Every structure is written in structure tokens, then in C-alpha cells.
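Shown next, in C-alpha cells, is the structure this report addresses.
The values are calculated or read from the model by the stated rules, or taken from the named source; none is laboratory data. Model, not experiment: these values are computed from the prediction. All Cβ positions, glycine included, derive from the backbone under ideal geometry; neighbour counts span all protein chains shown. Only protein heavy atoms, including side chains, enter the accessible area calculation; ligands, DNA and RNA are left aside. Shrake-Rupley method; radii C 1.70, N 1.55, O 1.52, S 1.80 Å.
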Number of protein chains: 4
Amino acid sequence: MTSKQVSIAVIGATGYTGVELVRLLQEHPQVKITHLTSESFAGKKFSECFPAFSGRVDTTLSPLDVDKMAKDLDLAFLCVPHQEAAKTVKLFLDKKVKVIDLSADFRLNDVKTYEAWYGPHPHPELLEKAIYGMPELQLSNLKNAELIANPGCYPTACLLAIAPLAHHKLIHLDSLIFDAKSGVSGAGRKLALGSHFCEVNENFKAYGIGKHRHTPEINQGIKKLTGQLPSITFTPHLVPMTRGILATVYAQLKSSSTHQDLLKIYQDYYQKASFVRLRPEGNFPETREVRNSNFCDIGFHLDTQNQRLTVVSAIDNLIKGASGQAIQNMNLMFGLEETCGLLQTSPIP
Amino acid sequence: MTSKQVSIAVIGATGYTGVELVRLLQEHPQVKITHLTSESFAGKKFSECFPAFSGRVDTTLSPLDVDKMAKDLDLAFLCVPHQEAAKTVKLFLDKKVKVIDLSADFRLNDVKTYEAWYGPHPHPELLEKAIYGMPELQLSNLKNAELIANPGCYPTACLLAIAPLAHHKLIHLDSLIFDAKSGVSGAGRKLALGSHFCEVNENFKAYGIGKHRHTPEINQGIKKLTGQLPSITFTPHLVPMTRGILATVYAQLKSSSTHQDLLKIYQDYYQKASFVRLRPEGNFPETREVRNSNFCDIGFHLDTQNQRLTVVSAIDNLIKGASGQAIQNMNLMFGLEETCGLLQTSPIP
Amino acid sequence: MTSKQVSIAVIGATGYTGVELVRLLQEHPQVKITHLTSESFAGKKFSECFPAFSGRVDTTLSPLDVDKMAKDLDLAFLCVPHQEAAKTVKLFLDKKVKVIDLSADFRLNDVKTYEAWYGPHPHPELLEKAIYGMPELQLSNLKNAELIANPGCYPTACLLAIAPLAHHKLIHLDSLIFDAKSGVSGAGRKLALGSHFCEVNENFKAYGIGKHRHTPEINQGIKKLTGQLPSITFTPHLVPMTRGILATVYAQLKSSSTHQDLLKIYQDYYQKASFVRLRPEGNFPETREVRNSNFCDIGFHLDTQNQRLTVVSAIDNLIKGASGQAIQNMNLMFGLEETCGLLQTSPIP
Amino acid sequence: MTSKQVSIAVIGATGYTGVELVRLLQEHPQVKITHLTSESFAGKKFSECFPAFSGRVDTTLSPLDVDKMAKDLDLAFLCVPHQEAAKTVKLFLDKKVKVIDLSADFRLNDVKTYEAWYGPHPHPELLEKAIYGMPELQLSNLKNAELIANPGCYPTACLLAIAPLAHHKLIHLDSLIFDAKSGVSGAGRKLALGSHFCEVNENFKAYGIGKHRHTPEINQGIKKLTGQLPSITFTPHLVPMTRGILATVYAQLKSSSTHQDLLKIYQDYYQKASFVRLRPEGNFPETREVRNSNFCDIGFHLDTQNQRLTVVSAIDNLIKGASGQAIQNMNLMFGLEETCGLLQTSPIP
């Protein structure tokens, strides 16, 4: 590990992924937080907005000013809505500032797919520069990337659950069902009736059935792993809790196997993945076991009667599903230790 | 509707299903609560244990004494653990008192299946008397039944979701996946680390994967509907909330269809089912919309690309999944209006 | 009880107090729901907005049109914001339709106090017509009232806790501290960051310290009971739950007493109060014991060392604290049985 | 700061305070975790019991064996029930191992008071060795202490709220009311109906009114600060959340003052207290702002009409209220930097 300091800005620092970036980065030994931006709270101290940071991060929030910021920046983390993100990416790249974009704008390689799900892309010409930042899939070298598209929270949980099997083409792609459950912070800090406490508490529901925007991202991920574009079923659900995603994934094996053989395949595939932890047979992760951490825990059950596999993966949607993975990507981008600043253990309870 | 009064006892009145029976029955216009039993709280008033009932149900709890109780009883609701339940059923039937058993003891027709999942059956000779009490499946005439096996909570949500399609043999049975999510009251009031507030709150997990005891009951239900014993996949999950079950069911259609055609099939099948409510296309039930009610709400999505159906059903696990369905069964058993005492609307929020 | 039907309208039927009125009134044997209004959802069925009411209340929501509605109305329940409420009250009274106003507009008799806390009063001339509708305080005859001001949720819990002692002038008024805790539904259904699930869940806070608008209403209530205007301390807190208020009230006795004597005073004072339940010594109410009910449960502890009394009262903020009390007021206004339609027992759990 | 490593054991490592010690200590740069004990889980790895620690703390749990452990230990943290704790303290002190006891056994100096609230004290002769470990009160020099009594969670929140005023004798001691609210983890991990999810969720209650064991500890703390033993009123409440205590404290000022003057007094008193943060006028702490941190945040409101002060303090009951404060005490005991290993910022949300 070098002793260099990466000078960073968080653009959109007062949303949930922004705050979480600030929290993790302020304790990261090789990062210097240079700018925090917010349009709504510009002029206030970060710690006035979030008293939990009082005495820790008293930086004054500023409006976005790329020209000014670019002078002393190595990297900008973008936590702004899609489309606005693409425009901001362009501004930073033009100034030679690297970007990790937490929006959806550069996750899908194919501009037509993007436009079918999100509308017109402001800068399709930048798509080819973007690298999809899920290091465990070993799809690209992140070192020296200029623009990293940070994956969606659901795709992170779903793809990590199934990647070893997809990579080895052990499953029928048309059998893939992703039944995923998320805490409410996945919907962000913006106001919406669906995030009102009284509408969520003591309630459980599915939403976006058959039309959630993370569907093409999961399909694309599987295509990258297998060469084939599948047509998965993806059903997200809302859990009355703040953080966490649990994905329950169903897949039909192409030929009969044993738990032991499959576990070996997972272990080999994730041998160098510091943040993936595999559970022994009969043991499955719970979201609290990865809460406030960058780990993705995975367990699975093989029904030998019908060769159907049930895989369960758990992440913290704001960390491995967003800000933590973004920092992991930053570490790799700048040649730092991949785990640097990211080895916190979940508090129990 | 006749004006008769059914004289009932609740055996095991201080567990969650017992209390819920008492709450619903005290407001039922054709029921007289004659005895409430509890071994641990015998001698105390019911309202001392549950101050919410103060001035409403001040009955003194007594220990079980079948001989004494039988004299003035038409019906006993059993809310005691399996195996203990079968023994108690025998005692009441011998005294010509009808029984609705909320345990698992008489849900499975096949004694071998029962014993594989629950251990030795105390009274296998009574199995043939037992009628499985899920009225919407129209499997048996409940009127004049002596012994009704009240269904499990998960099987209620799962079977109602899929019954019309199973009945008409429209789906590949080997494709059936039941991804179900339940509130904590499903585990009852007994003490267990898994029900400790701090272990459940801000957590989501799967449990009993590949080995939950409701699996054979769902298999049996589908066999009754189709003539074929399937090998389903059933994955229960624990939601940090008190009440409610949401079942997300995946099934492969045998031949292509449309939403409209399938909705017609559901509507016809449930034409006389007062407690099943079907949602229009694109609309899916949430657990709060059936909380504290006896309704089962159902919505579905057809992915026409791969003829995969996603069905979502919601119930209150303690009402339609237990005590409410038991009262519905009682109404039918005694020739009362099926909906009598059961038409409460869920409080919002 | 007469067999008359009261024809009612709920103005603002899609907020939490509106929905709760609809739920309770549709099961009230002597009420006919004639109109439900909503500006935002006019034209939709009530059950489209709230699928829990599907098949139960399928009334179409209409915009407010007093002229048209007045023709077949006996009573309008107003669930609209203060100031807008006063204007609507005027319109209905002019058409000889009685009103129960759930806003704050007619709770304070003194227009100056109102204006200091809420701003200009649209119709101060109507203040003298308004009767404060907390029947247990026995301050006025509600029968034949034209306009009832339905009390605030906190004042209901706070005043019922202390009324017998205040009435008998047993306590030092300057010692009164009301430490109150409410579920989130008290803030209504409107969008606000403070009601966002992630901001409330796993959090507890005080709010509005020294400046909550229910303060003058509590002061006024005590003045009505004692003849003296006190200067109370009132601290509201937000509990991460949907429903319920618990008020912990501290008061210094003027002269030494015993638990037994004080209990006698409470019992006598509340002898005819069907919805107040007193707990025996050492027993205190919890909010779940009155949830979804119109009861107010009260327990107290006397510290004989320093003659300080700790009184705990619990209500459901949406029922006894709003819609239930409004129906109780309606019952009295129209000469019906006070408890009619309001004797539901809280579900446990 | 020296570079020494303190070799420690956690006795009772599988309760909530034990786990939290392990989590914080494993990341503490000057601590070596040498032994973790558990009677129920001896022989299992810590990470088998708590999969969140997988790959982080894989230490095998052992039964308590003081003779064996004492050889390589500097310090034992005791997380065992009172009375058992005192016996274990004796064993360690006899072996020259220092102890920080998280139980109540050495918190009260006066053996009679202890015995009135907790029963016979196993080792009253050790009471004079014990130092009460709340560093902010500046009552004792903790450096080189052999035995530190770690304060209770409620007394920590309550005393820190009021210490500056008590120290300067600005308040009427007989006016002190502590209305405190705690998350459920304060009751520990042991099974009890009162900690069952369904009994806590959507509920709020007071408990232990007039008889909670933290009362004498708060009284003693105030006596240490003022020289006078008060007779406070302390009312704990249970909040449906896992972590956090909010104390709302009411006190009558002896003479009139201003917010500014009082804030100055707090600021001066807590000048060197790294973990106490004072809020500006009109701003009050929420429990989430100190969750998972060792901070105690304090805000207050002065009602100048009646010279009554409302002080609000917030802590994480498992950190500043238990394990964090214990580590803070360890740091001081061994001459390390007071804040070492304890400067985590609360995650938002």
C-alpha cells in the first residue's frame, strides 16, 4: 500500500448514499475529503445537517462548481439522480477528474436498453469509457479506470449470489428467479408516500413487479458471465427496516450435483474476493449480519429431488450495494489495498 | 341465518391464536364463550392477563377439564401444540363435542407423511374423521363435520394463490416456487431467541429452507386439486413486523395465455368466496390491506415472454391464517352465515 | 337507543383521521355515510385509494360542494387543516348542517390565544357556538350542540390523566409536567422528512419543546377544571410506531394522601365514563392495550416520600385522540348511546 | 500515546454488552483480545455464534478459568449478572488482574443501599477498591485503578444531563424528574416475554415505576456532585427500537438565568469531555445521532416563565451506556488516549 492521499469530492452529499460515503471516507486512512456539495443545503455545515457528524465532519457544503473543484481533486463520487449524473460526469472527465458514478447512467452498456428503461441518455458517447465496478465478477481491470459505473443495490446482491454458477454455465438461464427484499433506504431520502413511516411500518409488499429498472442490469450481468442474454424474473419487495437486501435466488441445475461440489465452485470463484463470505451447508445469511459492513454473505440449499438450487445472499444496500462498493472501486482505481477503510464488522444487535 | 347460539371453549386461550379467537368470538353475534382454558394462568381472569380486554372479557381461566366442560359445550377450539392437540381432540370427540383443531395434527391425511415431519401420531384412527377446513377450495362439505383441521398459515396463503390454476391444470407442477414472508406472530408467543425483539428488528432472513413443516401440507393441497403430488419449493422468511403473510408464487403456464383469461379463471373459481378479493391488472396486495381482517387478497403478473406467472397473495396470519378461518369453519359447521362476525376492515394505517 | 340513522359526510376522507372515521362509521349501526370528499382523489372510489376497503366502502370520492351535500346531511366531520376548517364550518352551519371539527380551529375559546399559536382566525364569531368535545370532563351538554370542537390527541391523553385531581384541586398547578410520547400517525399522512421511515425507525426524539401547539389547549382544559390558568410544561416525543400516545404526567400533591384515596377519587370522577379504565395499584397501561380502541387507560404511582404523583395514561391517537372521540361526540350530539359503534377491543398482538 | 498492547478478556462474551466489547476491541489499536468466555457456547468459535464476525473474530469461546487466564491478562471485562460478577471480580483481583465490571455490583458505595435493591453482596470488602467509572464527572483518577465499576446505562444518560447544574448547585434537588426512554437491548439478550418482538413492536410503555434499580445509582451520583442525597423521580420507558436512550430531565432553577449563561456552564464543565457534545439553543439530540457511537449529546430548553429547565440527553445504551464507556475507562486506566478506538460516527440512516 502506498501512502498517497486521494483527494475526493462527494457530489450530492446529503442523500443517503452521500452521507454514507462521507462517514466511511472520513475514517479512510488514504482519503482527503476536499469538497462536499449540496444544492439545497449549500452554505450550511455538513454537521449542521447531520449532528451525528458534529466535531467529525464540519465541512461547509457548497453548490457544485466543477471548474473550481477540479483544481484539487483526484476523484468525484456522484450521488445525483440519473441523467443529471451523466451531465456531471462529462464535466468532471473534461477536467481530467476521475469519476465513480453511483447513478444508473453508465451501468448499461447498450444505449438502447438504457433509453428503454430510463429515457434519453445525455452522453451516450461516454458509455464506452465506463467500467462496471463489481470487482468480484473479475470482468475488467479497474486500475486506472477513468469512469466507474457503480452497480445497483439489487444487481449486486443478485449477481454475487449466482455468478459462480453462471460463469461455469451450470444453470438453465431461463429458470432464474430473483426474489429480492430491501429495506427502505434503497428508495433514498426524497419524500414519497411509499416511504412514509406509517405506510411502511407493519407492512410488507412487492413492488415494481415485471418492470423494475434493475432487471436489465441483472440480465446484462448474466450475459457478461455466460455470453447469453437471459430473461430473468425479478421481484423486489419492501421490508419494514432501514437497511439491508436479502436476495433469494432460484435456479435449475443443468445436471445433478452435490452441495459439496457446488460449494467448491463458489469457493474457487470467490477465492480472492475479500468481501464475499460463504456459509457452510444448512446455514444462511441474515441482513443484520452484514449491516453497516461491506460484506456479501451467501448460503445455498440444493434440493436433490428436483435439482433446484435456492441461493440466499445478503448485503447492506447502502454499503456493498452503494457507497462501500464505490470505495472498494476507488481503492482498486488508485492502486490501494482493496479492503482499505472497509473492514468494519456489523454491530450486534 | 338462524338465531341459535353456539357454546364454545377456547383451549389454550393465552397464546396468540387463542387470544385472537377470544377477541373475534366475543363480538360474534351467535357465539357464547363458555370456557377459556390455560394451564399457566388458570385462576386468573383473562382480562388480568390481557388488560386490553378489561370490562370486555373478564372470564376466569380454568385448567382443561373435558368431562366438566363437555356438559355445556357445542364446540372446542384447540390452540395447543401438535400431539397434545390430538390427545385433546380424542377426549372431546368421545364426549360428543365437536372440535376445530388449530394444530397440525389432522391437517395431513397420510399418517406416514405426518410422522415423517412431526413424529408419532397419538390418534391416527381419527384422521379419517378430520376435514381440512379451507372452504374456498370446495373440497368437502364442512356442515356437520365433527372434526375440522384448521389449515396452516403459510398453506392458506400459498394454496389460495394458486388453487384456480391448479384446479384447471394450467401450470407445470414441477415449476412451483412459493417464496413466502411472515410476521413474527406466526412463531407464537413462546420464548425463543429467534423471536427476541433485538434479533428480529432491522433484520430480514429466510429460515427452515428445504425443511419447513408446511411443505407437505402445501404439496397435499395441490394434490387434492390436481390429483398429482408435486415437489414444490417453499422458502419461508421472517419479516420484522407482527402480523401478515405475503406469498410470492412462481409458476410456469403449460400454454400461453393472457392476463384477462387468467383473471376470468380466478373470478369464476372464487365466485362464492366472500373472503378472497382479486386485484385488477398491475395491482398487488400488501399485508396491511388485510391486517386484522379475514380477507385474502390476490394479484398476479404474467410475463408473456416466458409464460411465467408471479402471483402475490396476502393474509393476516392470525386471522385468515388461523383464528378467523377457524371461525369461518365454525360458521359453516353450524350452518351459520359464512361471513358472520368476520367482516372487519383493516385499520389504515 | 332510537333507531334513527344519522346521515354524515367526511370532509377530507383520505387523511388518517378521515380514513379512520370511515372505517368506524361504516360499521356503526346508526350511521349512513352519504358523502366522502377529497380534493386530490375526487372521482376515484374510496376503495381504489384504500384497497383494504374493497367491497366494503366503494363510495366515489367527490370534491367539497356544501350546497349540494347539505340537502341530505345531518352532520359533517371535518378532517381538513386548521383555518381551512373554520371556513368550511361556516358554510355548513349556514346550511343548518351540524359539524364536528377535528381541526384546532374551535378548540381554544380565546381568540387571542388562538391567534398567538395558529395565526388569524377566519371566523372568531363562531367561537362561542363551539363546544369542546371531551365528554369525560363533563364540562358541557353535548346534546343538540351545533358545532363540536374535537380535542387534540395530546390534550385528550394529558387531561384525562389529571382531570380528577385538577377538578378537586388536589395538586399544585405549577408542578404539572406532561411528558408525552406519540406514534407517527399523529403527524398525519402529508409528506415530511420527519415522517420518512428511515428518519423515524430506530430513533427516538423529543420535538416542539416549549412550543407545541397543544400546550395552550392543555392549559385551557386545566383552567376549565380548576378556574386557574396554569403554566404547564409539555414535552412531546416521537415513538417509532404508527399509533398510540402514552402520557407520563408528574404532579405534586398539595397534601399527603394514599394510593387508595386517590384511586377512589378517580373512580368516582370517572364513574360514568365508559371509555376510561383505571388500573389497580402497581399496574400501568401500555399503548397496545388501547390500540384500535376508544379506551383511555390510566394508572398511577404515588411516591409517599415526596408526595409526587406519576400518572400514566394511554390512548390510540387516531381513535380516542381523534376519530373515535368524534364519533363519541356524535353519539351524544344525536342522543344515541355514547358507546355505540365504539366498543372494539384491541387486537393482541 | 504509548505503543503498549493491553491484553484483555471478555467474560460473558455472548451477551449484548459482551459482543459489543468484542466488536469495538477488535478494532482498537492497542488491545489484544486474549480470551473470550461463555458458559453456554464454550467450544464454539465466536464467529459461529455471530456470523457477522466471520473472518474477523474466529476465537474459540472457553469456559471461565481464572487461574489459566490470569497468566497472560492485564484486564478482564465482566459481562455477567450481578452477584456472580462480584465473585468473579474477587478471583481476578486475587490474581492481580485488573477488572472493569459492567454489572451493578460495585456501582453503589453503600453496602446497605446495594443490599436493599439487589440482595446480599458477595464481597462488600471490595467496595472501597472500586472506582465509579464515569470520567466526565471528574470524581476520581481512574489511572491505575484496579477495579472500575462501569455505570448503568440510565445513570449515564441522566447524570451527564444534569451534572454541570448539580455541581454548581443551581437546581432544587427535590424538583428533579428523570423521564427516560430506552431501546430493548437494555434488557439484554436473555429470554423474557417483555422482550418478545410481538410484545414490544407497535407498543410503548413505562416500566419499573418507582422501583427501578438505577434509581439509587442516580441518587448517589447527584450526592457525589452536590454533597446532598436527593430523592429523585425516575421513570424508565421501553421504546420499540433496539438501541438508544433518551433522557428528558426536568429541574427547577434556584434563581433565574438565561440559556446563554447555562450553556456557558455546561461548556466549561465539559470542556475536556471528548464524548459530550452540546447542542445550540433550540436544538435537541435524537438517539440515532449517537447510535453506534460513544457520544452523549445534550440540549436544553429554559422556560423563563417558571424557571423550569428541560434537558434532553441521548446515548447509545450499549456503547456510552455500557461497552464504549468501559473501553473509555480502560483507556484511562492504562494511560492510553481517552478516545482511542472510540471515535466512530453514527451511521445515517
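Worth a mention:
- Within the same chain, aspartates and glutamates fewer than 8 places from C:Lys45 are excluded, and of the rest, those with a Cα less than 12 Å from its Cα are C:Asp58.
- Only beta bridges with both residues in the protein assembly as shown are counted; by DSSP, about 45 percent of them are antiparallel.
- Modelled FRET efficiency - R0 22 Å, B:Thr258 with B:Lys169, Cβ distances, 0.05 increments: 0.75
- Residues A:Asp74, D:Asp67 ordered from highest to lowest accessible area at a 1.4 Å probe: D:Asp67, A:Asp74.
- Between 0 and 90°, nearest 10: helix B:153-167 axis offset from chain B longest Cα axis: 40 degrees
- Percent of beta bridges antiparallel (DSSP, chain D, rounded to nearest 5): 45 percent
- Sites C:Leu139 and C:Ala116 - FRET efficiency at Förster radius 35 Å, r taken between beta-carbons, to 0.05: 0.95
- Net charge contributed by nearby residues that have their C-beta within less than 14 Å of C:Asn329 (K/R +1, D/E -1): -2
- Here each label is just a point 7 Å from Cα along the line to Cβ, and for B:Ser231 and C:Leu193 those points are 5.6 nm apart.
- Taking N as the residue count of the stretch B:78-141, its C-alpha radius of gyration divided by 2.2 N^0.38 Å amounts to 1.08.
- Compared with the dominant principal axis of the Cα atoms in chain C, helix C:84-94 is inclined by about 60°.
- Per-residue average of Cβ from other chains inside 10 Å of D:177-187: 5
- Contact-buried residues of the stretch C:229-263, at a threshold of 50 Å² lost accessible area versus the chain by itself: C:Ser231, C:Thr233, C:Pro240, C:Met241, C:Thr242, C:Tyr250 (1.4 Å probe; DNA, RNA and ligands ignored).
- With all pairs of different C-alpha atoms in the average, the Kirkwood value for the hydrodynamic radius of the stretch B:154-317 is 16.3 Å.
- Here the calculated FRET efficiency for B:Arg213 and B:Asp94, from their Cβ-Cβ distance with R0 = 30 Å, stands at 0.60, rounded to the nearest 0.05.
- Accessible area buried between chains D and A, both sides summed, probe 1.4 Å, in Å² to nearest 100: 2500 Å²
- Dipole in debye (nearest 20) - the stretch C:6-129, about Cα centre, beta carbon charges: Lys, Arg +1; Asp, Glu -1: 260 debye
- Average projection, convex hull of the Cα set of the stretch C:44-200: 12.6 square nanometres.
- Each listed q (0.16 Å⁻¹) maps to a log10 I(q)/I(0) for the stretch C:233-328 from the Debye sum over equal C-alpha point scatterers, namely -0.72.
- With DNA, RNA and ligands ignored, accessible area of D:Lys45 (1.4 Å probe; Å², nearest 10): 90 Å²
- Counting DSSP beta bridges with both ends in the stretch D:154-317, the antiparallel % (nearest 5): 75 percent
- Loop-located trypsin sites (Lys or Arg not before Pro) in the stretch C:92-130 whose Cβ has at most 14 other Cβ within 10 Å (DSSP): C:Lys95, C:Lys96
- For the stretch C:304-347, Kirkwood radius (reciprocal of mean inverse C-alpha pair distance, Å): 12.5 Å
- Neighbourhood net charge (11 Å Cβ-Cβ; Lys/Arg +1, Asp/Glu -1) for A:Ser195: 0
- Tail weight of P(r) past 54 Å, computed on alpha-carbon pairs of the protein assembly as shown, percent: 25 percent
- A helix-only calculation puts the protein assembly as shown at -7500 deg cm²/dmol for mean residue ellipticity at 222 nm, using -39500 (n - 2.57) for each DSSP H run of at least four residues, averaged over all residues.
- In nanometers and ordered shortest first, the copy-to-copy spacing of the D:Thr113 label point, defined 7 Å from Cα toward Cβ, is 4.3, 6.6, 6.9.
- Cβ-based net charge around C:Gln252, under 12 Å, with every Lys or Arg adding one and every Asp or Glu removing one: -1
- The lysine pair count for the stretch A:129-235, using Cα distances under 17 Å and pairs eight or more places apart or on different chains, is 6.
- Considering the rotation that superimposes chain A on chain B, the residue of A whose beta-carbon lies nearest the axis, and that distance in Å, is A:Asp179, 2.
- Average beta carbon contacts from partner chains per residue of D:297-306, 10 Å cutoff: 3
- Computed from phi, the 3J(HN,Hα) profile of the stretch A:36-49 under the Karplus parametrisation 6.51, -1.76, 1.60 (θ = phi - 60°) reads 10, 10, 7, 7, 6, 10, 3, x, 8, 6, 3, 6, 6, 6 Hz, with x in place of Gly and Pro.
- Interface residues in the stretch D:12-54 - accessible area drops by 30 Å² or more relative to the isolated chain, probe 1.4 Å: D:Tyr16, D:Arg23, D:Glu27, D:Pro51, D:Ala52, D:Ser54
- Using θ = phi - 60° and Karplus 6.51 cos²θ - 1.76 cosθ + 1.60, couplings along the stretch A:121-133 (whole Hz; Gly, Pro as x): 8, x, 9, x, 5, 8, 4, 6, 7, 6, 10, 6, x
- Rounded to whole Å, sorted largest first: equivalent-ellipsoid semi-axes of the stretch D:6-129, Cα gyration tensor: 27, 15, 13
- Computed from Cα atoms, the angle from the helix C:259-269 axis to the main principal axis of chain C rounds to 30 degrees.
- With a 1.4 Å probe rolled over the protein heavy atoms of all chains, the accessible area of D:His121, A:His301 falls in the order A:His301, D:His121, largest first.
- Note on the stretch B:6-79 and the stretch B:140-157: Cα centroid distance 21 Å, given to the nearest whole angstrom.
- Modelled label positions at D:Ile265 and B:Lys272, each set 7 Å beyond Cα in the direction of Cβ, lie 7.9 nm from each other.
- Inter-copy label distances at C:Leu343, using a point 7 Å along Cα-to-Cβ, come to 1.9, 6.6, 6.7 nm with the shortest given first.
- Chain A, Rg to Rh (Cα coordinates; Rh as Kirkwood inverse mean 1/r): 0.96
- Springs join every pair of Cα atoms under 10 Å in this Gaussian network model of chain C, and among C:Gly335, C:Gly12, C:Gly186 the largest mean-square fluctuation is at C:Gly335.
- Across the copies of the chain, A:Asn306 has label points (7 Å from Cα along Cα→Cβ) spaced 1.5, 6.7, 6.8 nm apart, shortest distance listed first.
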